[in-house]
Amino acid sequence: MWMQSCSGPGYIFGSISSVIKTSLNYNQKQISKLGVAKDLGGSIGLIAGTLSEILPLWSVSLVGALQNLMGYGSVWLIVTGKVPVFPLWAMCVLIFVGNNGETYFNTAALVSGLQNFPESTGPVVGILKGFTALSGAILSQIYTLINFPDQSSFIFMVAVGPTMVVIALMFIIRPVGGHKQVRPSDGSSFTLVYCVCLLLATYLMAIMILEDLVSMSHNLVTVFTLILFVLLLIPVGLSFREEPRDPAEEILLPRPEQHEVVSSEFKNEKPEEVDSLAVPEGQKRNALLQAELFRAAAEGAVRVKKRKGPRRGEDFTLTQALIRADFWLIMFSLLLGGGSGLTVIDDLGQMSQSLGYANPHIFVSMICIWNFLGRVAGGYVSEIFVKDHAHPRPIVIVMAQLVMAVGHVFFAMGWPGAMYIGTLLVGLCYGAHWAIMPATVSELFGLKKFGAFYNFLSLANPAGTLIFSSVIASSIYDYEAEKQARQHRIKSHISGSILSGMFAQDESRKCEGSICFFLSSMILSGSCIIAAVLSMVLVILNYHKFYTFILPTLLQY
């Protein structure tokens, strides 16, 4: 959690992009190209996934830390004029290298976390990915505390801060044998962590709003930041809470080769047979059957005939997964839904400025917090759907994508206060994608090659922003900006004012009003609806119990 809380510098690109745009005199299309390079760097993690299988995880974290330092450090040197300005393609390479470091951080955290808690995939993915999203708000608060004289120093902090933290923690992030047992306290421990997450997000939101509305002294900001660090330290207490280990209460999980036996046992078992067992043995069998419940549901709870290759829920290789239709349904659903949300995150600075907001940092920090809560809530709610109600996990993402479509409509309309509502809806639902989809993949295709699956699916993000941000949103924005500039020039020509003409020329790269992102936001809304349809197809193909019993009941109404 600590490493993830500083491993998402890509989510604050909306804050540093305005500095780069001003310093290097870029237009919106050039900034969008940097954003796509950033997203590519944060998503192409195949090397990180491969290294995690052959090298210890500390070496994976170290490579990511060095890339983060070199990439963002070079960008800072260029923006501050300490070295000559590089061409745009070279700037894209530097942004790519710097942001690619977070794929190594994510891989180390997720691989070790899922191996240690294989029966709590939803909470683990939701919490860890949630802290990645929250890192933007945490870094922003630390930046406010340090009170650098110029905004370009934010880039310097992004280069140095995560590198120091990851190097300090890289020997701790590793599998520690937690997969060998499920403790009775796991549920309460995750509940406590959820409470800390909610408290942390609420606290950050409150101080962000206060700092935006009220002028605060540096001493007060220092106190607020120290409280933030205390909240981050609270979960450490769980590490020192030792419990007596009774061998009779330790529940050994089945090995992959035992899966066929356990599944058949699960399908034929009757409740009264379990009740007749001795109490310790009955507890073990009940917990074992519960652990297999969702895996059996992912397979449709039915096995009619043997087929070549692994079945759903068993360990796939990446090559075997790539020939499955359900894997590509997840991929394209992420591309359309997640890509539209990341487009908003990347362009949030320009969106807020076009609607007349002078300080985009508040919206960048807010969307990081909502992104965090979306990931935590997505993991928590989807786990309830699966374990308590036996519903398929992806049905939650269907609902999230439909709500996200509404959020894009608020951005398009530009009503008073629409930025706040749109930031809330898009941030929450985008975060839910990255809690639910990785957990779904681990349950459908196994944990053995999870690093490769996760990093391959992450390619959906840059693919989505390449289409939505670099091609669609930036082209529409520059067209509207040039259109407004021509109108200014015509007015200045009629009035004969030289100063007005110079002002129009300076403002030719800026667009004002809701028209700047109206059409692109409506396109993003439509893409979310298509993504929801694809996710529903995934539910129908993989979760026959839901399709056979629940879906027809819903259609009757």
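Observations
- Residue count, the stretch 333-361 (criterion: assigned to a helix (DSSP H, G or I) and surrounded by fewer than 20 Cβ atoms within 10 Å (Cβ to Cβ)): 1
- Within the stretch 193-216, restricting attention to residues that are without any contact (Cβ under 8 Å) to a residue 60 or more places away in the chain and assigned to a helix (DSSP H, G or I), the residue that is most open to solvent (accessible area, probe 1.4 Å) is 213.
- Flag if residue 480 is under 23 Å from residue 531 (Cα atoms), acidic (Asp, Glu) and surrounded by 19 or more Cβ atoms within 10 Å (Cβ to Cβ): no
- Residue match in the stretch 125-139 (condition: in contact (Cβ under 8 Å) with a residue 12 or more places away in the chain and farther than 29 Å from residue 39 by Cβ): no
- Filtering the stretch 102-120 to residues that are more than 15 Å from the chain's Cα centre (by Cα) and either in a helix (DSSP H, G or I) or of a type in the set (Ser, Thr, Tyr) (or both) leaves 108, 111, 112, 113, 114, 115, 116, 120.
- Residue in the stretch 445-477 that is least open to solvent (accessible area, probe 1.4 Å), counting only those that are aliphatic (A, V, I, L, M) and more than 16 Å from the chain's Cα centre (by Cα): 473
- The stretch 385-430: number of residues that are open to solvent by 20 Å² or more (accessible area, probe 1.4 Å) and within 20 Å of the chain's Cα centre (by Cα): 10
- Cβ pairs under 8 Å, 6+ apart, first in the stretch 61-81 and modelled with pLDDT of 90 or more, second open to solvent by 40 Å² or more (accessible area, probe 1.4 Å) and outside any helix (DSSP H, G or I): 74/83; 77/83; 78/84; 78/85; 78/86
- Comparison of 113, 130, 177, 161 shows that the only residue that is surrounded by 13 or more Cβ atoms within 10 Å (Cβ to Cβ) and modelled with pLDDT under 80 is 130.
- Unique residue being without any contact (Cβ under 8 Å) to a residue 12 or more places away in the chain, open to solvent by 30 Å² or more (accessible area, probe 1.4 Å) and in a helix (DSSP H, G or I) when the list is 22, 50: 22
- Failed item in (1) part of a helix (DSSP H, G or I); (2) under 20 Å from residue 347 (Cβ atoms), with residue 398 passing the rest: (2)
- From the list 466, 424, the one residue that fits, being farther than 20 Å from residue 335 by Cα and either part of a helix (DSSP H, G or I) or at pLDDT 85 or above (or both), is 424.
- Residues that are in contact with a Leu (Cβ under 7 Å, 6 or more places away or on another chain) and of a type in the set (Ser, Thr, Tyr), drawn from the stretch 18-58: 43
The values are calculated or read from the model by the stated rules, or taken from the named source; none is laboratory data. Keep in mind it's a predicted model, so treat the numbers as computed, not measured. FYI the Cβ positions are ideal-geometry reconstructions off the backbone, even for glycines, and counts take in every protein chain you see. Side chains are part of the model used for accessible areas, which takes the heavy atoms of the whole protein and leaves out ligands, DNA and RNA. Shrake-Rupley method; radii C 1.70, N 1.55, O 1.52, S 1.80 Å.
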